[in-house]
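Reading through the structure tokens given below for one structure.
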């Protein structure tokens, strides 16, 4: 676990089916023994998540709230189990809440074919992935509170950033000048250098770019993403604005 700021931790080395990608949840300490967890992981990686929280000096029961930035499996598969172990409240954007509950079922990307193609591109195959991660399914997740743009959860402001999924959200800490961008952007992964909008796994890449530009209007120094080679800890706002402009002007 890496401490980004006095009350923000990055949880490292949680594996992902796409080689070299990883999934990065975050812990925000709102008060002593009062934690917010941003996203979870695959069920197979839950022991690592639990170990990181313990090694940081916390108890799982210190997690009081779990914010799911969107419903893609790598962010949510362990959510029900984390909720059970911690007794935390679950939050998501109101649009995502329906998809999390499987009502309605989401029909958008990434498709099975896209996932297969990406695995093949990076030298993996579905059979090996299933052996390690299990089947790509998630039981219905019922959130305790549905969010909308501008809401505040603890110290974090909700920014609705549709494009990757319809109800994708980023989270902004004005106090720490940190943007938790989730999957609005990827950074130097999947063979692409620098910040980029992951169009292959977005339902609407143009909307995603507009959301990233809107996100860039906040004042922040640090950008923390779910898929990155490393966190961006200075000059992040201008870099985010540039990434949006590159996509919008293609």
| request: Could you list the residues of the range 98-127 with an amide nitrogen less than 13 Å from a label point located 7 Å from the Cα of residue 44 in the Cα-to-C-beta direction? | output: 124-127
| Anyone know which of 188, 92, 173 comes out most mobile in the 10 Å Cα GNM of the chain? | 188
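Go through 64-70, 38-44, 78-84, 13-19 and give me the packing order, highest mean Cβ count within 10 Å leading. Don't jump to the answer; show the numbers that get you there.
Numbers: 64-70: 24.6, 38-44: 22.9, 78-84: 19.3, 13-19: 17.7.
In decreasing order of mean packing, 64-70, 38-44, 78-84, 13-19 become 64-70, 38-44, 78-84, 13-19.
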| note | Once residue 152 and residue 120 are pulled to full extension, the length gained, defined as 0.36 nm per residue separation minus their Cα-Cα distance, is 7.4 nm
| request: Just grab the label-to-label distance for residue 214 and residue 5, each label 7 Å out from Cα along the Cβ direction, in nm (one decimal). | output: 2.2 nm
| Can you tell which of 93, 112, 120 shows the greatest fluctuation in a Gaussian network model of the chain with Cα springs below 10 Å? | 112
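With the contact rule set at Cα under 8 Å and sequence spacing of 6 or more, what percent relative contact order holds for the range 55-205?
On the way: 223 pairs, mean separation 33.3, N = 151.
After rounding, I find 22 percent.
Express in % the proportion of alpha carbon pairs of the range 1-140 at distances exceeding 24 Å. Provide the component values of the computation, followed by the final result.
Values: 3190 of 9730 pairs.
The proportion of pairs with Cα distances above 24 Å equals 33 percent.
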| task | Principal axes first, then extents: for the Cα atoms of the range 185-250, list largest minus smallest coordinate on each axis, whole Å, largest first. | result | 28, 26, 17
| query | When the chain is treated as a GNM, springs tying every alpha-carbon pair under 10 Å, which of 100, 233, 195 comes out with the largest mean-square fluctuation? | reply | 233
| remark: Note on the range 146-187: alpha-carbon gyration tensor, axes a ≥ b ≥ c; rule is a/c under 1.5 for rounded, else prolate if a/b larger than b/c, else oblate; result oblate
| Antiparallel bridge percentage (DSSP; both residues within the chain; nearest 5) | 60 percent
| Over the range 131-250, what is the percentage of antiparallel beta bridges among all DSSP beta bridges, to the nearest 5? | 70 percent
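How high is the FRET efficiency between residue 242 and residue 101 when r is their beta carbon distance and R₀ equals 30 Å, given to the nearest 0.05?
Numbers: r = 37 Å, r/R0 = 1.24.
Once the sixth-power term is evaluated, E becomes 0.20.
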| message | When 1/r is averaged over all different Cα pairs and the result inverted, which Kirkwood radius in Å belongs to the chain? | response | 18.0 Å
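A short reminder: the numbers here are calculations on the coordinates, not readings from a lab. The structure displayed is predicted, hence computed values, not measured ones. Neighbour counts run over all protein chains shown; Cβ positions are idealised from the backbone, glycine included.
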